[in-house]
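Student: One structure follows; several queries about it will come next.
Just so you know, all these numbers are worked out from the coordinates, no wet-lab data involved. Computed from a prediction, not measured in an experiment: that's the story for all the values here. Backbone-built Cβ (ideal geometry, glycine too); neighbour counts: all protein chains shown.
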């Protein structure tokens with residue numbers, strides 16, 4: 001197992017994605033991975049439960065859910081507009097991660113960068 005340091009918002013994004021996969025009944029390994037990540041984060045972040053109940057986390061989770069649902073539909077009947085939609089939603093996901101990072105971890109700046117959105 002490789003342990004890496006990531007932005008807090010990155011970890012909460014990963015946790016929300018694993019939660020969606022658990023809801024969609026992906027695999028038992030997904031459930032196990034969710035439990036491990038959640039436990040690890042709760043030991044490291046004092047206000048972990050408050051973050052999971054926050055509007056920022058809910059917004060991030062809802063955006064991830066919307067992306068998952070759309071991608072499932074897109075697999076059946078893809079169109080050229082789908083790429084634009086996915087790109088737009090991926091940027092919205094970044095905005096939501098940034099909001100979570102700034103609210104709960106103001107002393108730790110997000111290191112992820114999105115290119116091509118400064119126009």
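Student: Once you've got the GNM for the chain with C-alpha springs shorter than 10 Å, pick whichever of 21, 73, 109 has the biggest mean-square fluctuation.
Tutor: 73
Student: Of the labelled options (i) 178; (ii) 154; (iii) 131, which one gives volume of the Cα convex hull per residue in Å³ as computed for this structure?
Tutor: (iii)
Student: Let me ask something else about it. Can you sort 34, 12, 70 by how many other beta carbons sit within 10 Å, fewest first?
Tutor: Numbers: 34 19, 12 28, 70 14.
Fewest-to-most ranking of 34, 12, 70: 70, 34, 12.
Student: Further question on the same structure: For the chain, what's the relative contact order in percent, using C-alpha pairs closer than 8 Å and at least 6 residues apart?
Tutor: Details: 69 pairs, mean separation 39.8, N = 119.
About 33 percent, as a whole number.
Student: Under a GNM of the chain (C-alpha, springs under 10 Å), which listed residue has the highest mean-square fluctuation: 41, 89, 74?
Tutor: Of 41, 89, 74, the Gaussian network model singles out 74 as fluctuating most.
Student: Between residue 29 and residue 4, 0.36 nm times their residue separation minus their Cα-Cα distance comes to what?
Tutor: 7.0 nm
Student: For a quick check: sort 61, 9, 32 by the number of other beta carbons within 10 angstrom, fewest at the front. All intermediate terms of the calculation are to be shown ahead of the outcome.
Tutor: Working: 61 19, 9 27, 32 12.
Starting with the residue having the fewest Cβ neighbours, the order is 32, 61, 9.
Student: Let me ask something else. By how many nm would the segment from residue 79 to residue 113 lengthen if fully extended, with 0.36 nm per residue of separation less the alpha-carbon distance?
Tutor: Gain on stretching residue 79 to residue 113: 9.5 nm.
Student: How much length is gained if the chain between residue 49 and residue 70 is pulled fully straight, taking 0.36 nm per residue apart and subtracting their Cα-Cα distance, in nm to one decimal? Numbers along the way, then the final one.
Tutor: Numbers: separation 21, 0.36 × 21 = 7.56 nm, distance 2.85 nm.
Extra length from residue 49 to residue 70 when fully extended: 4.7 nm.
Student: Among 67, 17, 76, which one shows the highest mean-square fluctuation when the chain is modelled as a Gaussian network with alpha-carbon springs under 10 Å?
Tutor: Looking only at 67, 17, 76, the largest GNM fluctuation is found for 76.
Student: Rank the residues 57, 117, 10 as a footprinting-exposure proxy: fewest other Cβ atoms within 10 Å of their Cβ go first. Intermediate values should be presented prior to the final figure.
Tutor: Working: 57 22, 117 10, 10 17.
Neighbour counts put them in this order, fewest first: 117, 10, 57.
Student: Suppose only helical runs count, i.e. DSSP H with n ≥ 4. What mean residue ellipticity at 222 nm does that imply for the chain under -39500 (n - 2.57) per run, divided by all residues and rounded to the nearest 500 deg cm²/dmol?
Tutor: Values: 5 runs with 84 residues, N = 119.
That comes out to -23500 deg cm²/dmol.
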